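S.K.: One structure coming up, written as structure tokens, with questions to follow.
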Amino acid sequence: MSTTYGTFPGSRPRRLRTNPAMRRMVAEYRLHPSDLILPAFVREGVSEPVPISAMPGVVQHTRDTLRKAAVEALEAGVAGIMLFGVPEEAKKDALGTPGTDPDGILQVAIRDVKAEVGDELVIMSDLCLDESTDHGHCGVLDADGRVDNDATLERYAEMAQVQADAGVHVVGPSGMMDGQVGVIRDALDQTGHEDVSILAYTAKYASAFYGPFREAVGSSLQGDRKTYQQDPANLRESMRELALDLAEGADMVMVKPALPYLDVLAKIAESVDVPVAAYQISGEYAMVEAAAANGWIDRDRAIMETLTGIKRAGANMILTYWATEVARQL
């Protein structure tokens with residue numbers, strides 16, 4: 001019997017996929033708990049956690065349950081926690097006063113978490129006015145109802161100081177005001193907070209995927225944020241924002257949302273020598289949870305696949321509402 005050689009492929013990539021052990025050995029990217037940051041909401045004046053209907057499994061915490069969540073994240077190996085404060089509705093005003101009140105809910109929450117975990121967990125805070133304003137915008141409005149960039153920067157400088165005084169390690173300016181990183185850096189340095197880092201929301205797009213987040217922070221938004229958040233059609237604009245943020249002193253940069261903007265994330269990651277974060281936002285979370293609840297996808301596999309994709313695109317850090325759950329699995 002004769003055998004004919006050379007009629008089949010000599011190179012068979014499938015040899016490296018033959019079993020789980022082989023696939024683990026040759027995996028090019030691996031998630032680690034220290035890649036993950038947990039976003040968490042704390043609501044003023046509640047005695048029990050308040051479920052967020054569009055984000056199954058996520059709640060607006062009480063001060064006590066927030067402390068517990070921080071400890072659980074730390075024990076799971078999560079790198080950090082990003083805090084969002086939800087003040088009582090009656091305290092909101094046009095200037096977002098709770099955001100600069102030393103006793104505002106976010107500053108109180110920072111102190112609570114700092115007292116609980118110290119420096120073992122990186123404590124981050126959202127530096128923006130949208131949770132505290134009665135109009136829901138990220139800044140101060142002018143007489144025509146438009147966001148006044150420079151007046152807002154003055155408020156951000158105050159916010160940076162009170163958050164730093166409360167003990168935060170990293171501030172995350174998310175309002176997309178021109179010059180925000182530079183103003184915040186100066187405010188921190190001039191008040192003795194040179195060691196507080198800035199995670200710049202460098203490429204933050206005006207996205208449809210923020211919907212559930214509006215419920216999470218009790219947003220009072222009227223209108224939209226298209227005049228200050230980026231247009232989803234633009235990529236070069238992100239690179240301009242990146243250059244400005246770095247020149248102004250950003251220590252880390254972020255792309256938000258993550259999955260619809262993996263190309264932006266990859267381009268930024270290839271261009272910088274600072275850590276790069278990506279925020280897997282509320283709508284991304286909600287889509288997976290809703291599809292899984294309907295039996296349309298495998299929830300756990302989908303979660304890991306999305307996070308691996310974000311890391312493969314270049315993220316050093318991923319903000320995700322699944323942070324503690326995934327860290328425990330890892």
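The values are calculated or read from the model by the stated rules, or taken from the named source; none is laboratory data. Keep in mind the model is a prediction, meaning the values are calculated, not measured. Reconstructed Cβ throughout: ideal geometry from the backbone, glycine too, with neighbour counts over all protein chains shown. In case anyone asks, the SASA skips ligands and DNA or RNA and just uses the protein heavy atoms, side chains included. Shrake-Rupley method; radii C 1.70, N 1.55, O 1.52, S 1.80 Å.
S.K.: So, in the range 75-102, of the ones that are within 28 Å of T324 (Cα to Cα) and in a loop (DSSP other than H, G, I, E, B), which residue ends up most open to solvent (accessible area, probe 1.4 Å)? Step through it out loud before you land on a result.
M.R.: Our first condition is that a residue be within 28 Å of T324 (Cα to Cα); within the range 75-102, this holds for 75-88, 99.
Still in the running and in a loop (DSSP other than H, G, I, E, B): 77-79, 87-88.
On the way: G77: 32, V78: 6, A79: 33, P87: 9, E88: 74 Å².
Selected residue: E88.
S.K.: Within the range 30-49, track down each residue that is over 21 Å from G309 (Cα atoms) and either crowded, with 16+ Cβ neighbours inside 10 Å or among the aromatic types (F, W, Y) (or both).
M.R.: Scanning the range 30-49 gives A40, F41, V42, R43, E44, V46, P49.
S.K.: Are any of the residues in the range 106-117 small (G, A, S), within 21 Å of the chain's Cα centre (by Cα) and not in a loop (DSSP other than H, G, I, E, B)?
M.R.: Going residue by residue through the range 106-117, those that are small (G, A, S) are 109, 115.
When the remaining residues are screened for being within 21 Å of the chain's Cα centre (by Cα), the result is 109.
After this cut, where a residue has to be not in a loop (DSSP other than H, G, I, E, B) as well, the list is 109.
Within the range 106-117, one or more residues are small (G, A, S), within 21 Å of the chain's Cα centre (by Cα) and not in a loop (DSSP other than H, G, I, E, B).
S.K.: Can V71 be described as touching a Phe, Trp or Tyr at 6+ places or on another chain (Cβ under 8 Å) and either open to solvent by less than 20 Å² (accessible area, probe 1.4 Å) or modelled with pLDDT of 95 or more (or both)? Quick ask: steps written out before the conclusion?
M.R.: Numbers: touching a Phe, Trp or Tyr at 6+ places or on another chain (Cβ under 8 Å): no; either open to solvent by less than 20 Å² (accessible area, probe 1.4 Å) or modelled with pLDDT of 95 or more (or both): yes.
Considered against the rule, which asks whether it is touching a Phe, Trp or Tyr at 6+ places or on another chain (Cβ under 8 Å) and either open to solvent by less than 20 Å² (accessible area, probe 1.4 Å) or modelled with pLDDT of 95 or more (or both), V71 comes out as no.
S.K.: Could you please find all residues in the range 154-168 being open to solvent by 20 Å² or more (accessible area, probe 1.4 Å) and out of contact with any Asp or Glu (no Cβ under 8 Å at 6 or more places or on another chain)?
M.R.: E154, R155, E158, Q161, D165
S.K.: Right, next: Which condition does P39 not pass, out of (1) at pLDDT below 95; (2) touching a Ser or Thr at 6+ places or on another chain (Cβ under 9 Å), if it passes all the others?
M.R.: That leaves (1) as the condition not met.
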